[in-house]
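Have a look at the structure below before the remarks.
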Amino acid sequence: MRYAICFTPSASDPLTLVAANWLGRNVYSGEMVDPPAIRGLGIHEIAFHTAVPRRYGFNGTLKAPFRLAEDMSEAALLRDLMRFSGTVTPFEIPRMEVARLGGAFGLVPSEPSQQMHFLAASLIQAFDHYRAPLTEAEIERSDPDSLSAAQFANLHRWGHPHVMDEFRFQMMLTGTVGPADLPRMERVLRDFFEPALAEPVPVSNIALMMEEGTGGPFRVHSLHPMGKVSARKIA
């Protein structure tokens, strides 16, 4: 079993509901959701292209999935994450947009979010001692030969190549899409998600995600409100 520390909107946020409809699974309950009816895109196509992000759930990863170190416990992780979240001031991402990410698609901030970048870096440093060392198989799955020198160093220091200066906040919506289908998929995603992206996205919770079994889907284990109790706003 693995954990991940992520951002995902609240369970009732319109973006959460739209994403659950698109991916076919609710990241909070773990329940499957009927796929949307989209002209020109069959339900089997949607299921195929969303298979990978459906497993991981709708989230923006801040600390990538990790196994707990032998001397660490879930209870201690929860306690420290609660304490950590209380030290972080809530903020907003003014606007999110659909973007091509290599051969896949996801949601990204229209302008880079320095606050999200700082949050991710702080979490990685604060919780690295909870992470069990990578196995040789885990290192190989990261395809180390394809990494830059900085990414390779990150992999061995922090357990993931795309952290610190290599970090880019993104919430994945598809796996790899064939070149011929990229324009069509981009149009569909923009039409489907843009109504839910009209307002700023509040970042007021840190989510602990948990993998169900070995290789199973991830779901939200717990939400940890950001900011001091006396200063929190009701979402």
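Results, tabulated for the structure shown:
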read-out: The stretch 174-200, residues that are without any contact (Cβ under 8 Å) to a residue 12 or more places away in the chain, over 13 Å from residue 15 (Cα atoms) and among the hydrophobic types (A, V, I, L, M, F, W, C); value: 180
read-out: Pairs with Cβ under 6 Å, 6+ apart, first in the stretch 38-56 and over 30 Å from residue 208 (Cβ atoms), second part of a loop (DSSP other than H, G, I, E, B); value: 43/35
read-out: Subset tally (residues that are within 11 Å of residue 63 (Cα to Cα) and exposed (fewer than 14 other Cβ atoms within 10 Å of the Cβ)) for the stretch 112-165; value: 1
read-out: Strands (runs of 3 or more DSSP E) (entirely within the stretch 165-235) containing at least 1 residues that are touching a helix residue (DSSP H, G or I) at 6+ places or on another chain (Cβ under 6 Å); value: 205-211, 218-225
read-out: Any hit, the stretch 106-121, residues being over 22 Å from residue 202 (Cβ atoms) and touching a Phe, Trp or Tyr at 6+ places or on another chain (Cβ under 6 Å); value: no
read-out: Test for residue 180: is it of a type in the set (A, V, I, L, M), more than 23 Å from residue 102 (Cα to Cα) and out of contact with any Pro (no Cβ under 9 Å at 6 or more places or on another chain); value: no
read-out: Of all residues making up the stretch 8-36, the number that are more than 22 Å from residue 199 (Cα to Cα) and either among the acidic types (Asp, Glu) or part of a helix (DSSP H, G or I) (or both); value: 2
read-out: Single residue of 64, 11, 20 found to be over 15 Å from residue 206 (Cα atoms) and among the hydrophobic types (A, V, I, L, M, F, W, C); value: 20
read-out: Answer residue from the stretch 15-46, given it is exposed (fewer than 14 other Cβ atoms within 10 Å of the Cβ) and over 19 Å from residue 218 (Cα atoms) and is modelled with the lowest pLDDT among those; value: 40
read-out: Residues of the stretch 183-233 classified as in contact with a His (Cβ under 9 Å, 6 or more places away or on another chain) and of a type in the set (S, T, N, Q), total; value: 1
read-out: Candidate set: the stretch 12-34, residues that are free of Cβ contacts under 8 Å to residues at least 60 places away in the same chain and touching a Phe, Trp or Tyr at 6+ places or on another chain (Cβ under 8 Å); chosen: the one nearest to residue 56 (Cα to Cα); value: 20
read-out: Residue in the stretch 49-63 that is under 26 Å from residue 198 (Cβ atoms) and over 16 Å from the mean Cα position of the chain (by Cα) present; value: yes
read-out: Residue in the stretch 68-75 that is at pLDDT 95 or above, part of a strand (DSSP E or B) and more than 15 Å from the chain's Cα centre (by Cα) present; value: yes
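The values are calculated or read from the model by the stated rules, or taken from the named source; none is laboratory data. As the structure is a prediction and not an experimental result, all values here were calculated from the model. Here Cβ is always computed from backbone atoms with ideal geometry, including for glycine, and neighbour counts include all displayed protein chains.
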